[in-house]
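Here is the structure we will look at.
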Amino acid sequence: MKNNQNKNQDFQTLIEKYLDGKITIEEVKKLVNYYESFQETHEWVEELGPESKIKNKMLINILESIQEKSPVKVIPFYKKAIFKYAVAASLVAFVVFGSMYKLQVKEEVCAVPTSNTIQIGSDKATLTLEDGSNIVLDKETSYESDKLKSNGKSVVYNKPDKQDEELVYNYLTIPRGGQFFVELSDGTQVWLNSDSKLKYPVNFIKGKPREIELVYGEAYFDVSKSTNHGGDAFHLKTNEQSIKVLGTMFNVKAYRDETEIITTLVEGSVCVSNNINKSILEPKQQSKLSQAKNDFEISTVEVEDFISWRIGEFSFTNKSLEDIMKVLSRWYDVDVTIANEDMKSIGFTGIISKQQSIEYILEIIKNTNNMKYKSMINI
């Protein structure tokens, strides 16, 4: 009985420190342990005050404290309707539901390795010109011609002085561990995620649809309105889907190792179609085209969960462990194997900066959820 009283008193003291903003990182860890022990016994000490009110205040203060102390941007998610394990999650802005699993992380072999540390993704791409030559673009490289200019972080095409009579194509290929931005000659802006490839004309021909192709991967489009181009529509092709656009913002995910093409509309209107079916999307709607059904499944979604990668954040709402590891593997250029099949469907919710190291993220998962992982790096 005395031990319980001491425990309750310590718990109350730590809560008061949180609410006053005077708690240390070590005390945060201690509070997490206390909270988890109360969860196990399903107890709540009435003297502490209303449970829901205290929990919400704790979570807000923890998140604000972390934002002040961390050089990495952490986005609060306490506005979402979750709290189970929320105290532990708030330490890292990353919530994990589950128990024990093992991960094996293996970095892909590099020809000229400089470190045995898994690198955070960065701006890099390979530009393939119309003559077949390849230009490697990264923060160390800039490139300029009469048609385009690159500062190593983006490619911007010049508006043509005169109309071309035939289409000439360039390709932009983003490796795993990369991302890049391109502005096409019509002013359309495209953000390309890791492991993606885009095919597009250097210049468009007036009076014909502006057609480009997402060969594979993921891209966010801010399309220049057709009214700025004599009514010429904008068409995006993927492997099994086409999208007709008048002027809008949307995200398309069409990776080679996934069986669905996912289109998320942010603003405007688009028509998604294949050889059999078509559907018109409204803002905040998402279509999924599966290889098995050849039909579009339409739903309303939280758009930010699907476009936050563009502004440097991972955003997950009840995403499975398997899906999240796919995202991490592309950004950090690693191979991830989940040894326990039962763990693949465990749900995650949270937001964290893409500038965190993968080691940091995996350590968070391990430390806050009693999970295990094993890192194997070959050079």
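Carbon-plus-sulfur fraction of the accessible area of the range 112-162, 1.4 Å probe, in percent?
Carbon and sulfur together cover 45 percent of it.
Test of understanding: what is the full-extension gain from SER142 to ILE205, defined as 0.36 nm times their sequence separation minus their Cα-Cα distance?
Between SER142 and ILE205, full extension yields an extra 19.9 nm.
With every protein chain left in place and a probe of 1.4 Å, what is the accessible surface of TRP191, to the nearest 10 Å²?
Number for this one is 50 Å².
Roughly how big is the range 122-306's charge dipole about its Cα centre, with Cβ charges of +1 (Lys, Arg) and -1 (Asp, Glu), in debye to the nearest 20?
The dipole of the range 122-306 has a size of about 200 debye.
Any idea what diffusion coefficient the range 312-369 gets from Stokes-Einstein, in µm²/s, Kirkwood Rh on alpha carbon pairs, 25 °C, 0.890 mPa s?
Reported coefficient: 207 µm²/s.
Would you tell me the accessible area of THR126, worked out with a 1.4 angstrom probe on the heavy atoms of the protein chains, in Å² to the nearest 10?
40 Å²
Sort 263-270, 128-135 for me by packing, meaning the mean count of neighbouring Cβ atoms within 10 Å per residue, highest on top.
Listed from highest to lowest mean packing, they are 263-270, 128-135.
Roughly speaking, to the nearest percent, how much of the range 186-309's 1.4 Å accessible area is carbon and sulfur?
C and S atoms contribute 44 percent here.
Per residue, how many Å² of accessible area does the range 122-306 show with a 1.4 Å probe?
Result: 50 Å² of accessible area for each residue.
Report the FRET efficiency, 1/(1 + (r/R0)^6), for ASN340 and GLU363, where r is their Cβ-Cβ distance and R0 is 25 Å, rounded to 0.05.
0.85
With every protein chain left in place, what is the accessible area per residue of the range 312-369 in square angstrom, probe 1.4 Å?
So the range 312-369 comes to 37 Å² accessible per residue, rounded to a whole number.
For the pairs LYS319/LYS354; LYS139/LYS159; LYS208/LYS244; LYS288/LYS354; LYS208/LYS237; LYS225/LYS284, note any where the Cα-Cα span goes beyond 23 Å.
Distance filter (> 23 Å) returns LYS139/LYS159; LYS288/LYS354.
If r is the Cβ-Cβ distance from GLU258 to ASP123 and R0 is 25 Å, what FRET efficiency results, to the nearest 0.05?
Efficiency, from the Cβ-Cβ distance: 0.55.
Can you give the direction-averaged projected area of the convex hull of the alpha-carbon atoms in the range 122-306, in nm²?
10.6 nm²
Restricting things to alpha carbons, find the Rg to Rh ratio for the range 150-192 using the Kirkwood radius for Rh.
With Rg and the Kirkwood Rh in hand, the quotient comes to 1.02.
The values are calculated or read from the model by the stated rules, or taken from the named source; none is laboratory data. Predicted model only: the values in this text are computed from it and were never measured. Heads up, the Cβs are rebuilt from the backbone with ideal geometry, glycines too, and the neighbour counts pull from every protein chain shown. When the accessible area is computed, the model is the full protein with side chains, heavy atoms only, and any ligands, DNA or RNA have been set aside. Shrake-Rupley method; radii C 1.70, N 1.55, O 1.52, S 1.80 Å.
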